[in-house]
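The next block holds one structure in the form of structure tokens; read it before the comments.
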Amino acid sequence: MSSSELQSLYQQVILDHSKRPHGRGLVGDTAASSHQVNPTCGDEITLELHVGDDGTFERVAWNGSGCAISQASASLLSGLAEDWTPAVLQERIGQFREALRSRGAIEIDEDLFEDAAALGGVSRYTARVKCAMLAWVAAEDALTRLDA
């Protein structure tokens, strides 16, 4: 697959998740939640972490508004983090952040991040990194509330 075909596929993944998001819709009765705003562009995300009896996330629910990148990123995170433990989520947030801040030098590992690897191209556009990170920052903040 050529790089332009791959870029087109990644763009399609982002558009699909922004139009048909996974995990959208707040549930309440949650272990932890966080509301985050990107003051640069006005994107907003409220994210809830729902922990199951086995200590993994049985649901990551969210609601928000903003650009296709921020909404797709929340959708992708929601699908990925289900069945992760808090420790795995914390580790993945760090890996995701490192890749997005690398300005393209570090690729997002498709084995770990599946379709969320489509967001890797955002790292070349500094102003868009905050959009892609918004849900992940909300998850990171919510994790701190799990321990409180």
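The values are calculated or read from the model by the stated rules, or taken from the named source; none is laboratory data. What you see is a predicted model, and the numbers here were worked out from it, not measured in a lab. Glycine gets a Cβ as well: all are built from the backbone with ideal geometry, and neighbour counts include every protein chain shown.
Worth pointing out:
- On inspection, V122 passes the criterion of being closer than 18 Å to D16 by Cβ and among the β-branched types (V, I, T).
- Complete set of residues in region 124-143 that are part of a helix (DSSP H, G or I) and over 12 Å from the mean Cα position of the chain (by Cα): R124, T126, A127, R128, D141, A142, L143
- Residue ranges of strands (runs of 3 or more DSSP E) in region 25-123 with at least 2 members of a type in the set (S, T, Y) and either out of contact with any helix residue (DSSP H, G or I) (no Cβ under 9 Å at 6 or more places or on another chain) or in contact (Cβ under 8 Å) with a residue 40 or more places away in the chain (or both): 32-37
- Sole residue being farther than 18 Å from L134 by Cα and either surrounded by 16 or more Cβ atoms within 10 Å (Cβ to Cβ) or of a type in the set (S, T, Y) (or both), chosen from T40, T56: T56
- Residue in region 66-76 that is at positive phi, at pLDDT 90 or above and exposed (fewer than 13 other Cβ atoms within 10 Å of the Cβ) present: no
- Restricting region 77-91 to residues that are over 10 Å from the mean Cα position of the chain (by Cα) and of a type outside the set (S, T, N, Q), the residue that is modelled with the lowest pLDDT is D83.
- Test for S18: is it surrounded by 15 or more Cβ atoms within 10 Å (Cβ to Cβ), polar (S, T, N, Q) and either touching a strand residue (DSSP E or B) at 6+ places or on another chain (Cβ under 8 Å) or in contact (Cβ under 8 Å) with a residue 24 or more places away in the chain (or both): yes
- Members of region 111-148 that are basic (K, R) and surrounded by fewer than 14 Cβ atoms within 10 Å (Cβ to Cβ): R124, R145
- Restricting region 117-138 to residues that are touching a Phe, Trp or Tyr at 6+ places or on another chain (Cβ under 9 Å) and aliphatic (A, V, I, L, M), the residue that is farthest from I106 (Cα to Cα) is A138.
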